[in-house]
């Protein structure tokens, strides 16, 4: 196969994916698989760091990404139903409308947990002692204390303490978690990125919510439409956040960010088709056909 034929074949595959809704549902399927991967990853971390006596808040703090992803999946489902699958007649049925509202409310409660967790993490980081404790890692060996570096945790033992860090001044991120100077600085970056990323995602979702409400009323121009469009510049910040995860070696997080951007761009595509139908004088039912 020549290079030209290879390009042509790749273009045909991409065109086939773009036709209909194939690419969108492929993204949705990978997002579900990604959610399961996060769940098993955090379950392993919970087995390592928590016990049956740990408080509920400690468990929700460990499963923060799983809870967050579950909320976003629910929102994605609600938007997909409202912007593509359900007709005006279906959306006018009271129990359908109430079910979508209930699903959204539950999702926003889950996402609020993420915001609160990130705010607490930021507050805790700001309250940390900026001066390191004059202690070496090997002095903490076999005391059920963990060394953290770039979101990775390892229990300090006699066998690994010398390899973890050569610093003799360590920072306590938690009562049983320490790190060295580079780890302390990177933990600050992680805390900030997590918080502003969650807030920017909410801004983008608010823009989509506003667009759905406006287009439901057949409004496609005006100040509120402009406001919704301006809020969508948040996608640029989200892409930068994804690059941060890539640079720091968290390829799964970067991939996850790209997937979620793709997932919500699919909803944006639904909205674009819906808006075009309004401009052409057709209705929402024809868009979902």
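The values are calculated or read from the model by the stated rules, or taken from the named source; none is laboratory data. On a predicted model such as this, the values are computed, not experimentally measured, just so you know. FYI the Cβ positions are ideal-geometry reconstructions off the backbone, even for glycines, and counts take in every protein chain you see.
Go through the range 20-31 and give me each residue that's at pLDDT 85 or above and surrounded by 11 or more Cβ atoms within 10 Å (Cβ to Cβ).
Of everything in the range 20-31, those that are at pLDDT 85 or above and surrounded by 11 or more Cβ atoms within 10 Å (Cβ to Cβ) turn out to be 24, 25, 26, 27, 28, 30, 31.
Residues to consider are 81, 110; find the one that is assigned to a helix (DSSP H, G or I), in the same structural domain as residue 193 (by TED's automatic domain parsing), more than 23 Å from residue 199 (Cβ to Cβ) and within 21 Å of the chain's Cα centre (by Cα).
Working: 110 fails: more than 23 Å from residue 199 (Cβ to Cβ).
None of the other options fit; the residue is 81.
Restricting attention to the range 167-191, which residues are exposed (fewer than 15 other Cβ atoms within 10 Å of the Cβ) and assigned to a helix (DSSP H, G or I)?
Within the range 167-191, 181, 182, 185, 188, 189 qualify.
Condition test on residue 195, is it surrounded by fewer than 16 Cβ atoms within 10 Å (Cβ to Cβ) and touching a helix residue (DSSP H, G or I) at 6+ places or on another chain (Cβ under 7 Å)?
For residue 195, the condition - surrounded by fewer than 16 Cβ atoms within 10 Å (Cβ to Cβ) and touching a helix residue (DSSP H, G or I) at 6+ places or on another chain (Cβ under 7 Å) - is not met.
What is the one condition in (1) assigned by TED's automatic domain parsing to the domain that holds residue 49; (2) in contact with a helix residue (DSSP H, G or I) (Cβ under 7 Å, 6 or more places away or on another chain); (3) in contact (Cβ under 8 Å) with a residue 24 or more places away in the chain that residue 173 does not satisfy?
Every condition holds for residue 173 apart from (1).
Given (1) in contact (Cβ under 8 Å) with a residue 12 or more places away in the chain; (2) in a helix (DSSP H, G or I), where does residue 58 come up short, assuming only one miss?
The single condition residue 58 does not satisfy is (1).
Per-residue answers, yes or no, for (1) outside the structural domain of residue 74 (by TED's automatic domain parsing); (2) closer than 30 Å to residue 75 by Cα; (3) part of a helix (DSSP H, G or I):
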residue	(1), (2), (3)
159	yes, no, no
163	yes, no, yes
209	no, yes, yes
214	no, yes, yes
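For residue 6, indicate whether it is loosely packed, with under 13 Cβ neighbours inside 10 Å, at pLDDT below 85 and closer than 30 Å to residue 218 by Cβ.
It is false that residue 6 is loosely packed, with under 13 Cβ neighbours inside 10 Å, at pLDDT below 85 and closer than 30 Å to residue 218 by Cβ.
Within the range 236-253, which residues are touching a residue at least 24 places away in the same chain (Cβ under 8 Å) and surrounded by fewer than 17 Cβ atoms within 10 Å (Cβ to Cβ)?
237, 248, 249, 252
A quick yes/no check of all residues on (1) part of a helix (DSSP H, G or I); (2) more than 30 Å from residue 149 (Cα to Cα):
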{"position": "235", "(1), (2)": "yes, no"}
{"position": "241", "(1), (2)": "yes, no"}
{"position": "245", "(1), (2)": "yes, no"}
{"position": "249", "(1), (2)": "no, no"}
{"position": "252", "(1), (2)": "yes, no"}
{"position": "259", "(1), (2)": "yes, no"}
{"position": "265", "(1), (2)": "yes, yes"}
{"position": "272", "(1), (2)": "yes, yes"}
{"position": "275", "(1), (2)": "yes, yes"}
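Looking at residue 122, is it in a helix (DSSP H, G or I), in contact with a helix residue (DSSP H, G or I) (Cβ under 7 Å, 6 or more places away or on another chain) and at pLDDT below 90?
Numbers: in a helix (DSSP H, G or I): yes; in contact with a helix residue (DSSP H, G or I) (Cβ under 7 Å, 6 or more places away or on another chain): yes; at pLDDT below 90: no.
No: the conditions fail for residue 122.
Looking at the range 123-144, is at least one residue buried (at least 16 other Cβ atoms within 10 Å of the Cβ), within 30 Å of the chain's Cα centre (by Cα), farther than 29 Å from residue 74 by Cβ and not assigned by TED's automatic domain parsing to the domain that holds residue 254?
no
Quick one: residue 154 ticks every box in (1) surrounded by fewer than 16 Cβ atoms within 10 Å (Cβ to Cβ); (2) under 30 Å from residue 243 (Cβ atoms); (3) assigned by TED's automatic domain parsing to the domain that holds residue 78 bar one, so which box is it?
Condition (3) is where residue 154 drops out.
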